[in-house]
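The values are calculated or read from the model by the stated rules, or taken from the named source; none is laboratory data. As the structure is a prediction and not an experimental result, all values here were calculated from the model. Neighbour counts are summed over all protein chains in view; Cβ atoms, including those assigned to glycine, are modelled from backbone coordinates with ideal geometry. These accessible areas exclude ligands, DNA and RNA; they are computed on the full protein's heavy atoms, side chains included. Shrake-Rupley method; radii C 1.70, N 1.55, O 1.52, S 1.80 Å.
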Amino acid sequence: MCLAASTGAAFGQSSGFDFYVLSLSWSPTYCASPQGQRSSQQCDGEGDYAFVVHGLWPQREQGYPEFCPSREPQRVPQALGETMFDIMPSMGLIGHQWRKHGSCSGLSQSDYLSQTRAAFERVVIPTALAEGENRLTLSAADIETAFVAANPGMSAGGIAASCEGRLLEEVRICLTKDLQFRDCAEVDRRGCRLDRIELPPVN
């Protein structure tokens, strides 16, 4: 996420952010990349992942905090990380997201990961996109419209699809601190505007 960043505060204090961005990654696009091909846990073909959580990011109206001082350890314990594998299938991903973004949430590791799961469960994945059985070609607007239609209270100004070339990379959804849908002009402006985006199939 390429927005101007600055540091926040330690766990237990105000971390100086306005809302969350829930980033949902289209796993088949990631797994087709050189980086994904090195991620056996997510991309070895056994998990059959479609949308997975990339992260839950504390965000400001302009910019976002990252790598904040925290009294929590930098490493996420294996036993805690494993509880997220159904939606976030990599200890490397979980650890990086905690250090870069979770440390700025003002929450403990456990509470941040619980908040991440709650945010994921708040969003209904559109039926046409949920399974990833077939290759799809849609516009960025089509993808965003499908999410808006499936989620009462979400608006086009609170979601942005991003692309990697002509492949769907992520869908980013803005949520208040109590996980209600909200608009987010800066995030929305950075969405992909292509009229043809491919969603590679899960298999």
Residue in the range 48-62 that is modelled with the lowest pLDDT, counting only those that are touching a helix residue (DSSP H, G or I) at 6+ places or on another chain (Cβ under 8 Å) and either small (Gly, Ala, Ser) or farther than 30 Å from ASP183 by Cα (or both) = ALA50
Test: residue in the range 21-39 that is farther than 20 Å from GLU164 by Cα and either modelled with pLDDT of 95 or more or open to solvent by 40 Å² or more (accessible area, probe 1.4 Å) (or both) = no
For the range 128-172, what are the residues that are touching a Phe, Trp or Tyr at 6+ places or on another chain (Cβ under 6 Å) and touching a residue at least 40 places away in the same chain (Cβ under 8 Å)?
-> LEU168
Quickly run through the range 17-44 and pick out the residues that are in contact (Cβ under 8 Å) with a residue 60 or more places away in the chain, small (Gly, Ala, Ser) and in a helix (DSSP H, G or I).
-> SER27
In the range 151-164, which residues are surrounded by fewer than 18 Cβ atoms within 10 Å (Cβ to Cβ) and under 20 Å from PRO28 (Cβ atoms)?
-> GLU164
State the number of residues belonging to the range 64-78 that are hydrophobic (A, V, I, L, M, F, W, C) and either touching a strand residue (DSSP E or B) at 6+ places or on another chain (Cβ under 6 Å) or crowded, with 22+ Cβ neighbours inside 10 Å (or both).
-> 2
Across the range 170-183, what is the total count of residues that are open to solvent by 10 Å² or more (accessible area, probe 1.4 Å) and either farther than 14 Å from TRP26 by Cα or in contact with a Cys (Cβ under 8 Å, 6 or more places away or on another chain) (or both)?
-> 8
Filtering the range 79-120 down to residues that are over 22 Å from ARG38 (Cα atoms), open to solvent by less than 50 Å² (accessible area, probe 1.4 Å) and not aliphatic (A, V, I, L, M) yields HIS101, GLY102, SER103, CYS104, SER105, GLY106, SER108, GLN109, TYR112, GLN115, THR116, PHE120
Taking the range 120-134 as the search range and keeping residues that are modelled with pLDDT under 95 and out of contact with any helix residue (DSSP H, G or I) (no Cβ under 8 Å at 6 or more places or on another chain), which one is nearest to VAL187 (Cα to Cα)?
-> ALA130
Exactly one of (1) free of Cβ contacts under 8 Å to residues at least 40 places away in the same chain; (2) closer than 19 Å to VAL202 by Cα; (3) not in a strand (DSSP E or B) is unmet by GLY47. Its number?
-> (1)
Can you find a residue in the range 57-67 that is more than 22 Å from ASP188 (Cβ to Cβ) and assigned to a loop (DSSP other than H, G, I, E, B)?
-> yes
Residues in the range 119-140: is at least one more than 23 Å from ASP86 (Cα to Cα) and within 19 Å of the chain's Cα centre (by Cα)?
-> yes
LEU167: touching a Ser or Thr at 6+ places or on another chain (Cβ under 9 Å) and surrounded by fewer than 19 Cβ atoms within 10 Å (Cβ to Cβ), yes or no?
-> yes
